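Contents: one structure, followed by commentary.
The values are calculated or read from the model by the stated rules, or taken from the named source; none is laboratory data. Everything numeric here is computed off the predicted structure, so don't read it as measured data. Note that we place each Cβ from the backbone using ideal geometry, even for glycine, and neighbour counts take in every protein chain shown. Heavy atoms of the whole protein, side chains included, go into the accessibility calculation; ligands, DNA and RNA do not. Shrake-Rupley method; radii C 1.70, N 1.55, O 1.52, S 1.80 Å.
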Amino acid sequence: ILNVEQSPQSLHVQEGDSTNFTCSFPSSNFYALHWYRWETAKSPEALFVMTLNGDEKKKGRISATLNTKEGYSYLYIKGSQPEDSATYLCAFRASNYQLIWGAGTKLIIKP
Amino acid sequence: KAGVTQTPRYLIKTRGQQVTLSCSPISGHRSVSWYQQTPGQGLQFLFEYFSETQRNKGNFPGRFSGRQFSNSRSEMNVSTLELGDSALYLCASSSNVQEPTEAFFGQGTRLTVV
């Protein structure tokens with residue numbers, strides 16, 4: 001059974017601090033890894049689509065890295081702001097197109 | 001470009017009834033996937049359609065079914081509704097499931113079963 005784990009489940013970070021969290025996924029049959037941000041009362045919004053081992057993507061203060069050989073991806077947020085408060089979801093797409101979502105990391109930024 | 005449109009936005013049904021939810025993807029998108037979100041739970045994957053064919057299916061009972069039409073619009077049906085089916089149902093579209101493109105989500109349909 002393919003499984004995607006995200007840790008930690010929730011995280012409280014002081015405004016201005018940097019933070020990171022993890023998405024662990026199967027190291028075989030990899031096709032793509034997706035990161036989404038889900039703010040309360042809104043729909044999930046795509047952050048990154050990552051396909052190559054060693055990939056590093058960046059969007060403003062948010063960046064992500066990918067290690068397909070060991071099956072993990074890190075999401076980094078630099079200088080956290082209140083608007084970064086959201087649940088961050090990752091989704092693993094296998095080579096047979098099966099799509100498995102993690103349960104998310106809930107990030108709360110304290111002013 | 002219009003986003004993903006889900007109708008209706010809110011729905012109240014009684015136990016035992018059936019319900020059909022609709023999702024119109026972004027123009028040109030051929031892949032539609034459906035999700036259930038209940039309080040305290042993450043996104044639970046229901047199924048994914050590409051070019052009118054179900055490509056993937058999550059672990060939901062057979063009461064949950066879906067289909068996709070030739071114009072890529074998709075419907076999801078839940079029969080014999082149970083109280084536990086009360087949830088936010090989201091659909092997402094992407095341009096081509098054969099390439100790892102991002103998915104765009106609709107606003108969701110909030111279903112309440114009483």
Worksheet item: So, in segment B:41-58, of the ones that are assigned to a loop (DSSP other than H, G, I, E, B) and within 10 Å of chain A (Cβ to nearest Cβ), which residue ends up most open to solvent (accessible area, probe 1.4 Å)?
Response: B:Gln41
Worksheet entry | Flag for A:Glu56 being without any contact (Cβ under 8 Å) to a residue 24 or more places away in the chain, in contact with an Asp or Glu (Cβ under 8 Å, 6 or more places away or on another chain) and open to solvent by 80 Å² or more (accessible area, probe 1.4 Å) | no
Fill in: Residue satisfying condition, being of a type outside the set (A, V, I, L, M), open to solvent by less than 40 Å² (accessible area, probe 1.4 Å) and within 14 Å of chain A (Cβ to nearest Cβ), within set B:Tyr10, B:Tyr35
B:Tyr35
Item to complete: Find the strands (runs of 3 or more DSSP E) located wholly in segment B:71-114 whose residues include 1 or more that are within 14 Å of chain A (Cβ to nearest Cβ) and at pLDDT 95 or above, and list them.
Response: B:87-94, B:109-113
Discussion item. Looking only at residues that are open to solvent by less than 20 Å² (accessible area, probe 1.4 Å) and closer than 23 Å to A:His12 by Cα in segment A:84-99, which one is farthest from the other protein chains (Cβ to nearest Cβ)?
Written reply: A:Asp84
Worksheet entry | Residues of segment A:1-25 classified as in contact with a Gly (Cβ under 7 Å, 6 or more places away or on another chain), outside any strand (DSSP E or B) and modelled with pLDDT of 95 or more, total | 3
